[in-house]
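**Student:** Below is the structure I would like to discuss, written out as structure tokens.
The values are calculated or read from the model by the stated rules, or taken from the named source; none is laboratory data. Computed from a predicted structure; not experimentally measured. All Cβ positions, glycine included, derive from the backbone under ideal geometry; neighbour counts span all protein chains shown. Calculation scope for accessible area: heavy atoms of the full protein, side chains included, ligands and nucleic acids excluded. Shrake-Rupley method; radii C 1.70, N 1.55, O 1.52, S 1.80 Å.
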Amino acid sequence: MEHITSKRDFGSFHSSNVQELLQLSEKYYVEPVIPIEMPTFHEYKQGPPEFGSGHFKEKHFFLENDCTFINHGAFGAVLKQALETSHNWQEYIERQPLRFFDRQILPLLVLVTRRLANFVGCPCTDLILLPNVTTAMNCVVKSQKFSPGDTVYCLNLTYGAVRKLLKHVCSETGATLQEEFVQLPVKNEEEIVDLVMETLQPGTKLALFDHVPSNVPFILPIKKLVEICHSR
């Protein structure tokens, strides 16, 4: 029978046991109160906004009127509402820092983890929050054990920092990096699928694909690529 989470005191923290909160079923889990007002974007739940709409840009970004920004994947161009919410959190924390760090931060992180796990479709106990994708990729790749003769597979569309990481790991372990070249422009997703089908060898230790490459304007057919990996 499930039970209400206990309190644990380590250092100055007095908050519910994180592991117990993560493991509770939806029936027994009670979300903590979010102490600030959060943006909702209800107007877009029926469908996405019109791409390139000047109204959308004015409402949600701080960009200058004569600036057409197309480099969202690199830096900047944060949503107005996201930046305002970030500032609201900072102000809330500073009004009573001990309350936030001693009582609230861990239950709130559990809430974020549970919601994100539900969104991506995995158990919340299998999900870890990290500050950015590059850090996450380092954690995943460095957790693998590579040996001489192992093959690491990627495409030339791989994000620059991740490619450097793969090269570094291979140089340290003696594994071989197999980087396949995608000819641009890509006419259809089958070109990517056929390339991977032809070049991914059985027994490959790790295959890494950018679902949304940062340097080309298309989405990789990741489901089909994963199926190829499983077949090898």
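**Student:** Could you tally the net charge around Leu165, taking each other residue with its Cβ under 12 Å from the Cβ of Leu165, Lys/Arg +1 and Asp/Glu -1?
**Tutor:** Local net charge: +3.
**Student:** Out of all DSSP beta bridges in the chain, what portion is antiparallel? Express it as a percent rounded to 5.
**Tutor:** Rounded to the nearest five, the antiparallel share is 35 percent.
**Student:** As a test of the formula, what do you get for the chain when each DSSP H run with n ≥ 4 contributes -39,500 (n - 2.57) and the sum is divided by the residue count, at 222 nm and rounded to the nearest 500 deg cm²/dmol?
**Tutor:** Value at 222 nm, helices only: -12000 deg cm²/dmol.
**Student:** Now for a separate question. Using the alpha carbon gyration tensor of region 104-232, what are the three equivalent-ellipsoid semi-axes (square root of 5 times each eigenvalue), largest first, in whole Å?
**Tutor:** They are 28, 20, 14 Å, listed largest first.
**Student:** Can you pull the one-decimal nm distance between simple spin-label points at Leu111 and Glu198, each 7 Å off the Cα toward Cβ?
**Tutor:** About 5.3 nm, to one decimal.
**Student:** Additional query: From the square roots a ≥ b ≥ c of the eigenvalues of the alpha-carbon gyration tensor of region 17-146, which class results: rounded (a/c under 1.5), prolate (a/b over b/c), or oblate?
**Tutor:** prolate
**Student:** I'd like the distance between the alpha-carbon centres of region 43-117 and region 147-215, rounded to an integer number of Å.
**Tutor:** Taking the Cα centre of each part, region 43-117 and region 147-215 sit 33 Å apart.
**Student:** Further, regarding this structure: On the protein heavy atoms, probe 1.4 angstrom, tell me the percent of accessible surface of the chain carried by carbon and sulfur.
**Tutor:** Heavy-atom surface of the chain belonging to carbon and sulfur, 1.4 Å probe: 57 percent.
**Student:** Residues with amide H under 5 Å of Thr151's amide H, sequence separation 5 or more or different chain, H placed in the peptide plane at 1.01 Å from N; which?
**Tutor:** Under 5 Å from the amide H of Thr151: Thr176, Lys205, Leu206.
**Student:** For region 141-232, report the accessible area per residue in Å² (1.4 Å probe, heavy atoms, rounded to an integer).
**Tutor:** Accessible area per residue: 59 Å².
**Student:** For the ranges 192-204, 35-47, 144-156, what's the packing order if you count other beta-carbon atoms within 10 Å of each residue, average per peptide, and put the highest first?
**Tutor:** 144-156, 192-204, 35-47
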